[in-house]
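Asks: This is the structure I want to talk about, given as structure tokens.
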Amino acid sequence: MLERVQLLRNVGQFDNVATGANLPFSKLTTIYAENGRGKTTLAAIFRSLANGDTQLVSERQRLGSANLPHVIVGINGTTAIFTNGAWNRQVPEIVVFDDQFVADN
């Protein structure tokens, strides 16, 4: 199960988020916020972690950043890490219910 986002760096709206990123997730978590706050970026990160499509994260590299996206997510007491354009593992049991899910189904 996805437990928490530990680090978001150089991806979408997120320059370097570690403090405050440790909010816990539960089996069903709803993310809501104003437009432009990073909800779609989070959905892309979680979808990428689930299906292994690294392009979903890579294409969201923060504009003007010389560094690649770096993401660390807590999963079942361990971590999933996106660095150098790849995840160290996949977590296919994650499902993201958003506009993309509706369009695909």
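The values are calculated or read from the model by the stated rules, or taken from the named source; none is laboratory data. These figures come from a predicted structure and were not determined experimentally. Please note: Cβ atoms are built from the backbone with ideal geometry, for glycine as well, and neighbour counts cover all protein chains shown. These area figures cover heavy atoms from the full protein model, side chains too; ligands, DNA and RNA do not enter into them. Shrake-Rupley method; radii C 1.70, N 1.55, O 1.52, S 1.80 Å.
Asks: Restricting to segment 68-94, what's the tally of residues that are on the phi > 0 side of the Ramachandran plot and in contact (Cβ under 8 Å) with a residue 40 or more places away in the chain?
Replies: Going through segment 68-94 one residue at a time, the tally reaches 2.
Asks: Scan segment 1-46 for residues that are among the basic types (Lys, Arg) and part of a loop (DSSP other than H, G, I, E, B) and jot them down.
Replies: 27, 37
Asks: Among residues belonging to segment 1-51 that are of a type in the set (D, E, K, R) and more than 17 Å from residue 81 (Cβ to Cβ), point out the one that is nearest to the chain's Cα centre (by Cα).
Replies: Ranking the qualifying residues of segment 1-51, first place goes to 39.
Asks: Next question. Mind listing whichever residues of segment 4-42 are open to solvent by 70 Å² or more (accessible area, probe 1.4 Å) and in contact with a strand residue (DSSP E or B) (Cβ under 8 Å, 6 or more places away or on another chain)?
Replies: Those that are open to solvent by 70 Å² or more (accessible area, probe 1.4 Å) and in contact with a strand residue (DSSP E or B) (Cβ under 8 Å, 6 or more places away or on another chain): 4, 9, 15, 16, 22, 23, 24.
Asks: On to the next question. Quick check: is even one residue across segment 50-67 closer than 17 Å to residue 98 by Cβ, touching a residue at least 12 places away in the same chain (Cβ under 8 Å), open to solvent by less than 40 Å² (accessible area, probe 1.4 Å) and not in a helix (DSSP H, G or I)?
Replies: No, every residue in segment 50-67 fails to be closer than 17 Å to residue 98 by Cβ, touching a residue at least 12 places away in the same chain (Cβ under 8 Å), open to solvent by less than 40 Å² (accessible area, probe 1.4 Å) and not in a helix (DSSP H, G or I).
Asks: Right, another one. What residue, among those in segment 68-105 that are open to solvent by 80 Å² or more (accessible area, probe 1.4 Å) and touching a helix residue (DSSP H, G or I) at 6+ places or on another chain (Cβ under 8 Å), is modelled with the lowest pLDDT?
Replies: Step by step, filter segment 68-105, then rank; the result is 100.
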